[in-house]
Ligand SMILES: Cc1cc2nc3c(=O)[nH]c(=O)nc-3n(C[C@H](O)[C@H](O)[C@H](O)COP(=O)(O)O)c2cc1C
């Protein structure tokens, strides 16, 4: 079907349905503190993605780098939804240079000859993917799984560096320093307290059920939420985990958006292979430790996010789903 042919009322209905479905699927995306800092506008053949400034963390993320990265994950989820449904789509990133909050546009151009099988696989993994803050209990991640995750990231124009054991110690020290810096600032703590804990019925934030019930034994400290949650944890450690860093050639909003798309591709690939993912963003949030992450990369690029990749006993009950905003709170129809 050509673009011109997409004028029949039945097509318009099918396209509207597909775009609504794509934006709804994108709602499953992970985001910093589960802020879900995205807003979608649907009109005709197009679906536009915007940063929702009301859900950007003013203290933790003043430049909106982690919000933009989170929106990039949502953009990739939406792309996978459309590709898996057999739609041919043009993706434009930063379509309006005068509006930095306008992050992307997906335009349906027609049908594809065949369904994209990788997208179909990713679409099935989207509702299964989740953040797991439990200690690591399993074997090290197999090299071929790490290679598949790296290849998925590279396919989205971002790079993935696997830290050596010495670099993991440097990361541990940076993460510790970042946590202490954040703990010393009341504005930082207030923002963290606003978005985490409790039962979170409003559809955003991290519930206590997803926060470890006591301190975990780790080399690299996980996020200090300022209180313990209700997530039961074992006595495991993070010794068998792999720590990887998403990075790229420059440090602009477009790079953060692409890094988010790469995070989605890598995390869905990990989910499909039974590899658990835990983002560590504190060392990126604090300027000094972000610089230390850059030194680890030997100035080969700019760091966007650190991830812990591991195997966690799938038989042990995992964390419950973090809440999400309803579709009508994130999608505008015009
Ligand atoms: C950019 C980004 C940074 C994140 N940083 C952290 C972090 O430092 N520590 C942590 O425990 N979780 C972190 N997360 C995970 C989010 O808290 C999680 O995605 C969110 O609560 C939704 O839960 P879900 O991933 O289980 O759907 C991060 C996620 C993203 C996308």
Single residue of the range 12-58 satisfying the filter (over 14 Å from residue 82 (Cα atoms) and surrounded by fewer than 16 Cβ atoms within 10 Å (Cβ to Cβ)) that is modelled with the lowest pLDDT: 12
Residues (at pLDDT 95 or above and within 12 Å of the ligand (Cβ to nearest atom)) located in the range 304-322: 304, 305, 306, 307, 308
Test: residue in the range 223-234 that is more than 20 Å from the chain's Cα centre (by Cα), more than 15 Å from the ligand (Cβ to nearest atom), closer than 30 Å to residue 151 by Cβ and at pLDDT below 95: no
Failed item in (1) surrounded by fewer than 19 Cβ atoms within 10 Å (Cβ to Cβ); (2) closer than 30 Å to residue 318 by Cα; (3) in the same structural domain as residue 216 (by TED's automatic domain parsing), with residue 157 passing the rest: (2)
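What residue, of 234, 250, 299, is free of Cβ contacts under 8 Å to residues at least 24 places away in the same chain and assigned to a loop (DSSP other than H, G, I, E, B)? If you could, list the steps in order and put the result at the bottom.
Working: 234 fails: free of Cβ contacts under 8 Å to residues at least 24 places away in the same chain; 250 fails: free of Cβ contacts under 8 Å to residues at least 24 places away in the same chain.
After ruling out the rest, the residue left standing is 299.
Taking residue 253 as the residue in question, decide whether it is modelled with pLDDT of 95 or more, farther than 21 Å from residue 123 by Cβ, crowded, with 22+ Cβ neighbours inside 10 Å and within 19 Å of the chain's Cα centre (by Cα). Steps first, please.
Values: modelled with pLDDT of 95 or more: yes; farther than 21 Å from residue 123 by Cβ: yes; crowded, with 22+ Cβ neighbours inside 10 Å: no; within 19 Å of the chain's Cα centre (by Cα): yes.
When the stated conditions are applied, residue 253 does not pass them.
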Members of the range 269-284 found to be more than 8 Å from the ligand (Cβ to nearest atom) and out of contact with any strand residue (DSSP E or B) (no Cβ under 7 Å at 6 or more places or on another chain), listed by number: 269, 271, 272, 273, 274
Matching residues in the range 34-57 - criterion: being over 10 Å from residue 70 (Cα atoms), in contact (Cβ under 8 Å) with a residue 24 or more places away in the chain and assigned to a helix (DSSP H, G or I): 53, 55
Residue tally, condition assigned to a helix (DSSP H, G or I) and buried (at least 18 other Cβ atoms within 10 Å of the Cβ), over the range 173-207: 9
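The values are calculated or read from the model by the stated rules, or taken from the named source; none is laboratory data. It should be emphasised that the depicted structure is a prediction, and the values quoted were computed from it without experimental measurement. Cβ: placed from backbone, ideal geometry, glycine included. Neighbour counts: every protein chain shown.
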